[in-house]
1. Rounded, prolate or oblate, given the Cα gyration tensor of the stretch 87-178, with a/c below 1.5 counting as rounded?
2. Which loop GluC sites (Glu not before Pro) in the stretch 77-174, with loop taken from DSSP, have no more than 11 other Cβ atoms within 10 angstrom of their Cβ?
3. Residue separation times 0.36 nm, minus the C-alpha to C-alpha distance between THR122 and SER146: what's the value?
4. Please compute the net charge surrounding MET138, taking Lys and Arg as +1 and Asp and Glu as -1 over other residues with Cβ under 10 Å from its Cβ.
5. What aspartates and glutamates sit close enough to LYS71 to cross-link, taking a C-alpha to C-alpha distance under 18 Å and skipping anything fewer than 8 places away on the same chain?
6. Counting only pairs 8 or more places apart or on different chains, how many lysine pairs in the stretch 72-178 have C-alpha atoms closer than 15 Å?
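What follows is calculated from the coordinates using simple rules that are stated; it is not laboratory data. Computed from a prediction, not measured in an experiment: that's the story for all the values here. FYI the Cβ positions are ideal-geometry reconstructions off the backbone, even for glycines, and counts take in every protein chain you see.
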Amino acid sequence: MSARYLLVLSIVAGLVAGCGKSDTPAVPPVPTPAPSVAAPPPSAGASVSVNAALPAPSPESIAARKLDPEKIKHGAAVYGKNCASCHGPNGEAMTNWREQGADGRYPPPPLDGSAHAWHHSTATLERMIREGSPDGGMPAWNGKLSDQEIGDVIVWIKTLWPDEIYDIWYKEIEGKQK
C-alpha cells in the first residue's frame, strides 16, 4: 500500500469517527441574538433546525477573536451562495445529520460549534473544503472556489462558534498547529 493511500484512508476513518458522538462541552441554553453577520436564508425547501442550545457570540467577542470584518462579510456571502443549502443558513445543519442515509452517507454536519467541525485546524478545514468528503458526499470545491473564498468562508464559520468552543479550539487545536 502506498503512503498516500494510507493517509487518505486514515483521514476518511477520522471523519467517520468524528461524525458520531460529539465531544462538544456542555453549554447551557442562553437566549442571545444571532451573530452580527449572517448568511442569506436557505433556498426554498431546505429543511434545517435551529440549535437554540448554543449561545451566539457577541459582536464584541467576535472582535476579540481578531477576525477581519471584510473576510467575515465576504465569507458569509460565499457561504450563503455555496454552502447554506446543505449546512443551513447559520451552520446548524439538518436535524438528521447523525443518521446514515440509505446510500451509506451522512448528511452535512453542523458547522456552528454543535458538531465536530471545530475539532479541526484551519489547515484541515481548508483541505476538507478543497478535496471534499467522500463519506459525507461533500463535493470538492477546489477550482470552484478560490483560496481567498475558502479562507473567508472558514473565517465566517468561526464567527458561529460560541465563545467557549472557540476558546477551546484556539488553545487545543489551532494553537498546537503553530
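1. In terms of gyration-tensor shape, oblate.
2. Answer by residue number: GLU99.
3. That pair, THR122 and SER146, stretches by 7.1 nm at full extension.
4. Net charge in that neighbourhood comes out at -1.
5. GLU60, ASP112, GLU126, ASP147, GLU149, ASP152
6. So the count works out to 4.
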